[in-house]
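Below is one structure, written out as structure tokens; comments come after it.
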Protein chains: 2
Amino acid sequence: MKEKVTLGLIGFGVVGSGTVELLRRHRRDIEDRVGARVELKWICSHSKKESPLIDRTVRQTRNWKTVVSDPEVDCVIELMGGTEPARTVVLTAIRNGKHVVTANKAILSKNWDEIFGLADERHCLVYFEAAVGGGVPVVQALNEGLAGNEITKIVGILNGTTNFILTRMHESGLSFGEALKEAQKAGFAEANPAFDVKGIDAAQKISILGSLAIGQWIPPEQVYCEGISKLRQTDIRLIQDRLHSTIKLLGIAEKIGNAWAFRVHPTLVARTHPFANVRNEYNAIALHGNAAGEVLLYGKGAGRLPTSSAVISDIIFLCRQIANGTAGQLPYVSRLARKRVRIAEMSQIRSRYYLRVTTLDRPGVLANITSILGQHRVSIASVHQDTFEENRSKKSVPIILQTHMTREADMQASVEEINRMKTIRASSVLLRME
Amino acid sequence: MKEKVTLGLIGFGVVGSGTVELLRRHRRDIEDRVGARVELKWICSHSKKESPLIDRTVRQTRNWKTVVSDPEVDCVIELMGGTEPARTVVLTAIRNGKHVVTANKAILSKNWDEIFGLADERHCLVYFEAAVGGGVPVVQALNEGLAGNEITKIVGILNGTTNFILTRMHESGLSFGEALKEAQKAGFAEANPAFDVKGIDAAQKISILGSLAIGQWIPPEQVYCEGISKLRQTDIRLIQDRLHSTIKLLGIAEKIGNAWAFRVHPTLVARTHPFANVRNEYNAIALHGNAAGEVLLYGKGAGRLPTSSAVISDIIFLCRQIANGTAGQLPYVSRLARKRVRIAEMSQIRSRYYLRVTTLDRPGVLANITSILGQHRVSIASVHQDTFEENRSKKSVPIILQTHMTREADMQASVEEINRMKTIRASSVLLRME
């Protein structure tokens, strides 16, 4: 047993300072669980900080190379965020034989094979609980708690910003633009919200969870991605009132035959499903195992202390293995899929669908629409047409259709054909259902 | 590194056979994660079994002593259930230096200090993910995922039987008796349902989770316990329709000042809370950490494969440590509370309350009731009186009150006094709210 494990922390922003705070506050508990002293030797940040969190035992530097090349450092905690120099920091640390804890979803999703390949080679561990789901211990649940399962599906509300916006649109009738402004005011959305509202953040996270479950890297570019900025109050209201459902931005990784499909898009969720009550900035992830069934985890997906809590959990596991000399004997992340997994085209997925068609109020229109759907083998579960007084105008009337399980390709072909009908007054709205 | 870890399984019922099935089906994945071969040497059960799950490498015995005294066995998997001989089996195994995996909530909640005290003494590990929440990895989340947190509260739907019954009472308007019969028919309730419906099962589970979180044994006798058999459709309907809430049997462990309160009772949960959508036989547990905030886990709380999935997860962790020679260096369960924890009396807890009073329909009655509440410092949040046509009769009328946060003692004193009023026609119904 080593008596002391030495940490070097790089990046002293929101999560960095939260991590140092928890390290200090829970020092005795952490060291009890590690079975050795845990010493923070370095804090690396842009400028020297004065903080009651930083005592005289901690050294400060502006040069990350000092930290990753210090032979005394056992474990590097990368909390800079962004892609570079974070990627280089992590790779250099591993090359120098350091174990790593990181909260950086961007570099993991984009450099999965590079990072974990090097980690395998150097017998280093890279832990990353905080990279997905903030304070929710989903990486651990997936990689360890459900280890005796074949995972067949992962579905998650992975982005707090968009979930906040959608909650406001549902509960207060705000438009997307109004809800976005409120999210920015509340500090839940960046000045440039594209990364969140386009679904890119969720795509990176489902890429990480899926890669972990499958044992093979699925880069975020392979994730079909649709954001929430085009959602309209008309649909929000109809979905709420008529279909007793709510719209969530879901990240989905799903086994389809021998392939997997990865996708992020707004999705209808029934009000009785646990996801429906995941409100505001909260995250939730459902893991489907062939033995455990559906296991769902819920909690704060972001924020200073929730994210730091996940970093601390990683530090404890890692330091325990460093202390007892077993760190790196086995890889934390398997990259050995039993069979090479193929990624399914979006057109191959199957789902139920919500379709809103805006049409002239003329006899025969519904017959035309249902006949087009029938020709494409789309089976209709329900039609709502007559009672939307508020959405009715002299010129056009909305028709709401729900389908049974249908192939995406058939659905898309139907909608294309419907949109070409002369009686159609506006582009149809198509949403998937879970 | 050991090349092989040897298991002895005792108890080959529903969970035992599920565990062997998963061990066989996922053998390669399990051994990859353990880093050594994992060999099941013994199956101990009442009678010799013929099963395609049992191949020629496995030996069978009716005598558990054979298994726990075999020097080759590294880890004993106790899946007999019940209190004896299970307790003796586990203690003897530990005394012989074996690590243990168990799914037995009864012996853990009743013999916590005896089992984990001996385990500490012999440097053995006892893992028990399956004892609480079936396939939901809540023990791991509490003990490891949230290790960097002080846990201040645990709230759980911990019993699938009662949750199934309550779901049926809410969704189909069944009486308690009718719903119980349906649960028995569906295989979710025993012929003698007392253990479940009186809340004893939930009390054992919250005792385990609380003991783990605090680092001190809280025996189930210290858990205040109220079952669901007295719940009436009248309240179910009023709570649903007027208060937009649902009743769940919750197990709660909560820090109050320097003490902790442990309790199990039917509780009102708002329809917007994630717990409200935990239906039928599902379980859910919310863990409140001072850093992570509220983390909620949801899944199947019982059943052959979900429970076996949790056993397999324990086997993997344990065998990995056995293989690399670190098992037992650190205890899995801490029994070292920082300060000796005092258990609060039920009268000291604070809650919001639902109170249904059945009274003669006479002027001044409401004034009398509110005045009694006021004298006991109970602050009223809402009153519903006038519109319950269906519950109204010539003789009596129900009044529904909701309170703000109130001390249990004040609430109980109020109800006692209200029940003594001459205008009261039936004993008042008091329920707590979360």
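The values are calculated or read from the model by the stated rules, or taken from the named source; none is laboratory data. Note that the structure is predicted; figures quoted are calculated from it, not measured. For neighbour counting, all protein chains shown are included, and Cβ atoms are generated from backbone atoms with ideal geometry for every residue, glycine included.
Which residues, counting only those in segment A:141-153, are surrounded by fewer than 24 Cβ atoms within 10 Å (Cβ to Cβ) and either under 15 Å from the mean Cα position of the chain (by Cα) or among the hydroxyl-bearing types (S, T, Y) (or both)? Answer for segment A:141-153, where residues must be surrounded by fewer than 24 Cβ atoms within 10 Å (Cβ to Cβ) and either under 15 Å from the mean Cα position of the chain (by Cα) or among the hydroxyl-bearing types (S, T, Y) (or both): A:T152, A:K153.
As a summary of the residue check, B:F164 satisfies the conditions (1) touching a residue at least 60 places away in the same chain (Cβ under 8 Å); (2) part of a loop (DSSP other than H, G, I, E, B) except for the one numbered (2). Do you know which residues across segment B:164-183 are within 20 Å of the chain's Cα centre (by Cα) and within 13 Å of chain A (Cβ to nearest Cβ)? Residue satisfying the conditions is B:T167 alone.
Consider B:E39 against the criteria (1) among the acidic types (D, E); (2) without any contact (Cβ under 8 Å) to a residue 40 or more places away in the chain; (3) closer than 10 Å to B:I10 by Cα: it satisfies all of them except one. Which criterion is unmet? Tallying (1) among the acidic types (D, E); (2) without any contact (Cβ under 8 Å) to a residue 40 or more places away in the chain; (3) closer than 10 Å to B:I10 by Cα, B:E39 fails exactly one: (3). Could you go through segment B:95-116 and let me know if any residue there is among the aromatic types (F, W, Y), over 25 Å from A:G145 (Cα atoms) and in a helix (DSSP H, G or I). Checking segment B:95-116: not a single residue is among the aromatic types (F, W, Y), over 25 Å from A:G145 (Cα atoms) and in a helix (DSSP H, G or I). For segment B:312-339, the set of residues classified as hydrophobic (A, V, I, L, M, F, W, C) and under 24 Å from B:M1 (Cβ atoms) consists of B:I312, B:I315, B:I316, B:F317, B:L318, B:C319, B:I322, B:A323, B:A327, B:L330, listed by residue number. Would you mind stating whether B:G187 is outside any helix (DSSP H, G or I) and assigned by TED's automatic domain parsing to the domain that holds B:T234? Taking the combined requirement at face value, the residue satisfies it. Evaluate the following for B:E129: is it within 17 Å of the chain's Cα centre (by Cα), closer than 30 Å to A:R27 by Cβ and either away from chain A (no Cβ under 14 Å) or in contact (Cβ under 8 Å) with a residue 24 or more places away in the chain (or both)? Here the answer is yes, as B:E129 does meet what is asked. B:A189 fulfils the conditions (1) of a type in the set (A, V, I, L, M); (2) within 19 Å of B:E434 (Cα to Cα); (3) in contact with an Asp or Glu (Cβ under 7 Å, 6 or more places away or on another chain) except for a single criterion, (2). Can you pull out every residue in segment A:1-10 that is of a type in the set (G, A, S) and modelled with pLDDT under 95? If the condition is that a residue be of a type in the set (G, A, S) and modelled with pLDDT under 95, then no residue fits. Checking the stated criteria, B:G251 turns out to be assigned by TED's automatic domain parsing to the domain that holds B:L297, in contact with a Leu (Cβ under 6 Å, 6 or more places away or on another chain) and either modelled with pLDDT of 95 or more or outside any helix (DSSP H, G or I) (or both). Being more than 27 Å from the chain's Cα centre (by Cα), buried (at least 18 other Cβ atoms within 10 Å of the Cβ) and closer than 25 Å to A:T83 by Cβ is a condition met by at least one residue of segment A:4-15. Among the criteria (1) within 12 Å of chain A (Cβ to nearest Cβ); (2) within 20 Å of B:G133 (Cβ to Cβ); (3) hydroxyl-bearing (S, T, Y), the one B:T267 does not fulfil is (1). Looking across A:E84, A:E50, A:E78, one residue alone is free of Cβ contacts under 8 Å to residues at least 24 places away in the same chain and under 30 Å from A:G199 (Cβ atoms). It is A:E84. Among B:I218, B:I228, which is over 13 Å from the mean Cα position of the chain (by Cα), closer than 30 Å to B:R338 by Cα and either of a type in the set (G, A, S) or outside any helix (DSSP H, G or I) (or both)? Among B:I218, B:I228, only B:I218 is over 13 Å from the mean Cα position of the chain (by Cα), closer than 30 Å to B:R338 by Cα and either of a type in the set (G, A, S) or outside any helix (DSSP H, G or I) (or both). Candidates are the residues of segment A:342-380 that are among the β-branched types (V, I, T) and surrounded by fewer than 17 Cβ atoms within 10 Å (Cβ to Cβ); the one that is nearest to A:E416 (Cα to Cα) is A:T370.
When every residue of segment A:270-278 is checked against the conditions, at least one turns out to be out of contact with any helix residue (DSSP H, G or I) (no Cβ under 7 Å at 6 or more places or on another chain) and of a type in the set (F, W, Y). Among the strands (runs of 3 or more DSSP E) confined to segment B:273-391, the ones with at least 1 residues that are within 9 Å of chain A (Cβ to nearest Cβ) and of a type in the set (V, I, T) are located at B:293-300. State whether one or more residues within segment A:334-354 are outside the structural domain of A:A147 (by TED's automatic domain parsing), over 28 Å from A:W260 (Cα atoms) and of a type in the set (S, T, N, Q). Looking for residues that are outside the structural domain of A:A147 (by TED's automatic domain parsing), over 28 Å from A:W260 (Cα atoms) and of a type in the set (S, T, N, Q), one finds none in segment A:334-354, hence no.
Restricted to segment B:396-419, and to residues that are at pLDDT below 95 and either more than 12 Å from B:L355 (Cβ to Cβ) or of a type in the set (G, A, S) (or both), which residue is nearest to the chain's Cα centre (by Cα)? The extreme case among them is B:V397.
Return yes when B:R335 is under 30 Å from A:E31 (Cβ atoms), surrounded by 15 or more Cβ atoms within 10 Å (Cβ to Cβ) and touching an Asp or Glu at 6+ places or on another chain (Cβ under 9 Å) and no when it is not. Against the criterion (under 30 Å from A:E31 (Cβ atoms), surrounded by 15 or more Cβ atoms within 10 Å (Cβ to Cβ) and touching an Asp or Glu at 6+ places or on another chain (Cβ under 9 Å)), B:R335 qualifies. Among residues of segment B:99-114 being without any contact (Cβ under 8 Å) to a residue 40 or more places away in the chain and either within 21 Å of B:T326 (Cβ to Cβ) or not hydrophobic (A, V, I, L, M, F, W, C) (or both), the one that is surrounded by the most Cβ atoms within 10 Å (Cβ to Cβ) is B:T102.
For (1) within 20 Å of B:V311 (Cβ to Cβ); (2) at pLDDT 95 or above, each residue gets a yes or a no:
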site: B:K49; (1), (2): yes, no
site: B:D55; (1), (2): yes, no
site: B:D74; (1), (2): yes, yes
site: B:R87; (1), (2): yes, yes
site: B:V90; (1), (2): yes, yes
site: B:R95; (1), (2): no, yes
site: B:H99; (1), (2): yes, yes
site: B:T102; (1), (2): yes, yes
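In segment B:270-284, is there at least one residue being acidic (D, E), over 12 Å from the mean Cα position of the chain (by Cα) and either outside the structural domain of B:D196 (by TED's automatic domain parsing) or farther than 15 Å from B:R352 by Cβ (or both)? Yes: one or more hits.
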